[in-house]
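The values are calculated or read from the model by the stated rules, or taken from the named source; none is laboratory data. The shown structure was predicted, so the numbers you read here are calculated from the model rather than taken from an experiment. Here the Cβ positions follow ideal geometry from the backbone for every residue, glycine too, while neighbour counts run over all protein chains shown. Side chains included, ligands, DNA and RNA excluded: accessible areas come from the protein's heavy atoms. Shrake-Rupley method; radii C 1.70, N 1.55, O 1.52, S 1.80 Å.
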Amino acid sequence: MGKATGFMEYRRKPLHYRRPLERIKDWKEIALLPDEATLREQAARCMDCAVPFCQNGSILAGMTTGCPVYNLIPEWNDLVYRGKWKEAYERLSLTNPFPEFTGRVCPAPCEGGCVASLYESPVTIKNIERAIIDRAFQEGWVRPEPPVIRTGKQVAVIGSGPAGLACAQVLNRHGHSVTVFERADRVGGLLTYGIPKMKLEQEVVDRRVRLLEAEGIRFVTGVEVGKQYPVEQLRSEYDAVVLCIGATQHRDVAVPGRELQGIHFAMDYLTQNTKSLLDSNLTDGQYLSAEGLDVIVIGGGDTATDCISTVLRQGCNSLVQFDIYPQRPSQRTPDNPWPQYPILHKLDYGQEEALERFGRDPRAFATLAVEFMGDGNGRVAGVKSQSVTSKREPIPGTEQIWPAQLVLLAIGFLGPEPGLPEQLNLQRTARTAIATAKGSYQTNLEGVFAAGDARRGASLIVWAIQEGKEAAAECHQYLTGQLEWRVQA
């Protein structure tokens with residue numbers, strides 16, 4: 001695949017980002033694709049590795065490596081290298097229904113398993129994937145694919161995030177009539193309100209939704225099943241139900257002073273900002289502003305980075321990110337061998353912007369918040385921290401006080417919100433996810449399925465898409481009377 005010696009001849013050239021101090025002035029997409037010649041050269045780095053670890057998603061040491069949607073990566077890399085873009089799009093579409101999403105916001109576990117990284121560095125798989133789908137839209141190759149025949153079966157998909165959209169597409173193409181319920185006012189779930197628009201512009205989401213509507217999928221927004229729409233009515237009107245409601249129950253901290261005003265969950269903050277941006281370009285003021293404030297973001301993941309980038313665009317006065325983990329190494333350690341996902345120190349887009357804005361990396365590593373301090377009027381004014389060991393044990397004498405009038409908690413999620421699962425009397429796992437039988441997506445209630453984060457806990461967009469596809473396949477076989485179905489991988 002690719003050029004036999006390409007991985008030795010060409011160095012990795014990652015995505016080009018707009019200059020940090022320029023891009024923090026707007027909410028436009030930050031990442032720009034290189035030219036076609038560079039993309040074909042990068043695709044040429046895909047080696048004839050015999051066993052492509054990149055295209056088979058696996059869990060190693062508790063982390064995903066390889067592609068959970070089983071993209072045929074070496075094949076479309078070879079086609080791009082040869083300039084056969086339409087064929088590359090056709091090959092990519094066999095496995096991934098939404099490469100315009102994964103090519104922008106997936107953390108690329110495929111590259112973690114790339115064999116070329118053993119020689120120098122992995123192939124820029126994620127960039128090439130995005131280039132293929134962007135080219136396909138530009139050329140008009142992406143068209144609605146409505147079913148030829150309808151089965152007469154009605155299916156409700158609850159939630160319009162990546163799992164819900166993938167599930168709806170597969171079921172619809174099998175000929176079932178699909179209605180997707182979304183409690184927010186726009187379709188997309190976390191794709192719309194959880195991911196800042198500089199990473200995933202809304203038109204990219206809306207463009208795909210329009211295609212799904214053209215294929216015959218019905219979207220109902222502003223309706224929360226279990227509240228405005230009773231579950232009894234849902235069960236009586238639909239032949240099957242698939243729950244793709246995500247894992248949106250916030251993880252909180254038990255720290256003195258938590259009740260102070262000015263401490264918010266990260267996803268609430270991001271959602272309000274994005275909604276105001278889409279509704280009015282932020283002119284309605286219906287969002288939390290960091291303008292002129294000292295901000296502390298608690299958490300070390302992607303959501304924390306998204307908060308960093310957002311408060312910078314709002315004009316914060318200062319910024320610190322508490323990361324409970326010590327600084328990662330610059331190269332793999334013996335306990336993190338290939339093909340595990342590499343745990344390495346990196347400067348993500350938000351940290352890069354903060355570095356340019358304030359002259360330093362915003363992260364305080366191995367740091368734990370131990371107290372929120374008030375101003376005497378019920379608002380947060382600062383955070384007391386303490387350094388911790390690699391085992392998260394506090395280190396005496398390392399206390400420090402940081403000014404903060406806005407604190408954002410980006411420490412993950414516990415699982416799906418309990419309301420709808422409880423109304424349906426669904427069994428839950430020890431981690432509060434919706435329980436299903438091993439190798440199945442059906443819950444303890446016949447005809448009710450679960451997929452994505454609601455089933456597996458907060459995870460990657462690629463797992464959500466794959467779970468949506470597999471849940472749809474099992475639901476289809478349930479509707480057509482073929483009850484025996486198991487996850488293939």
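Look at the dipole of the chain built from charges on Cβ: of Y441, F322, A44, the Cα furthest out on the positive end belongs to A44. Restricted to Cα atoms, segment 340-465 shows a radius of gyration and a Dmax of 20.6, 58 angstrom.
Karplus-derived 3J(HN,Hα) values for segment 188-196, using 6.51 cos²θ - 1.76 cosθ + 1.60 with θ = phi - 60°, are x, x, 5, 4, 8, 9, x, 10, x Hz; glycine and proline are entered as x. Along segment 292-300 the Karplus relation, 6.51 cos²θ - 1.76 cosθ + 1.60 evaluated at θ = phi - 60°, assigns HN-Hα couplings of x, 9, 8, 10, 10, 9, 9, x, x Hz to successive residues, with x for each Gly and Pro.
Histogrammed with a bin width of 10 Å, the alpha carbon distances of segment 400-442 distribute as 21, 35, 18, 14, 12 percent, first bin at zero. Using the average count of surrounding beta-carbon atoms within 10 Å as a protection proxy, the listed peptides 444-454, 116-126 rank, highest first, as 444-454, 116-126. Computed over the alpha-carbon atoms, segment 334-401 gives an Rg to Rh ratio of 1.10, Rh here being the Kirkwood radius from the mean inverse distance. In terms of Cα atoms, the Rg and Dmax of segment 105-241 work out to 17.9, 58 Å. Using heavy atoms of the protein chains and a probe of 1.4 Å, the accessible area assigned to H174 is about 80 Å².
Since only G285, T248, V142 are under comparison, the one whose Cα sits farthest along the positive direction of the charge dipole of the chain, derived from C-beta charges on Lys, Arg, Asp and Glu, is V142.
Volume per residue of the convex hull around the Cα atoms, evaluated for segment 1-105, comes out as 142 Å³.
Of all lysines in the structure, the ones whose alpha carbon falls short of 22 Å from that of K391, not counting any fewer than 8 places away in one chain, are K346. When E36, E182 are compared by accessible surface with a 1.4 Å probe, the order from highest to lowest is E36, E182.
Rounded to two decimals, the Cα radius of gyration of segment 64-147 over 2.2 N^0.38 Å is 1.08. Annotation: amide H-H contacts under 5 Å for V180 (H modelled 1.01 Å from N, sequence separation of 5 or more, or interchain): V157, R218, F219, V220. Neighbours of Q351 by Cβ distance under 13 Å: Lys/Arg scored +1, Asp/Glu scored -1, total -3.
Couplings for segment 200-213, taken from phi via the Karplus curve 6.51 cos²θ - 1.76 cosθ + 1.60 with θ = phi - 60°, read 9, 5, 5, 4, 5, 6, 4, 4, 5, 4, 4, 5, 5, 5 Hz in order; Gly and Pro are left as x.
The residues Y478, Y193, sorted by heavy-atom accessible surface at 1.4 Å with ligands and nucleic acids left out, run Y478, Y193 from largest to smallest. Across the protein chains, with a 1.4 Å probe defining accessible surface, the residues R360, R455 rank R360, R455 from largest area downward.
With the convex hull drawn over the C-alpha atoms of segment 261-333, the volume per residue is 111 Å³. Largest first, the extents of the alpha carbon coordinates of the chain on the three principal axes equal 67, 62, 45 Å. Cysteines in the chain lacking any other cysteine Cβ under 4.7 Å from their own Cβ: C46, C49, C106, C114, C167, C244, C307, C316, C475.
Calculated over segment 296-348, the projected area of the Cα convex hull averaged across directions stands at 4.3 nm². In the structure shown, the pairs K13/K199; K199/K275; K86/K126; K3/K86; K126/K469 are assessed against 22 Å; each Cα-Cα span is contained within that value. Around the amide H of V370, modelled in the peptide plane, lie the amide H atoms of K384, S385, Q386, all under 5 Å away and 5 or more residues distant in sequence or on another chain. Once the Kirkwood radius over Cα pairs is known for segment 166-321, the Stokes-Einstein relation at 37 °C and 0.692 mPa s delivers a diffusion coefficient of 184 µm²/s.
The loop-placed trypsin sites (Lys or Arg not before Pro) in segment 170-244, going by DSSP, that have at most 15 neighbouring Cβ atoms within 10 Å of their Cβ come out as K227.
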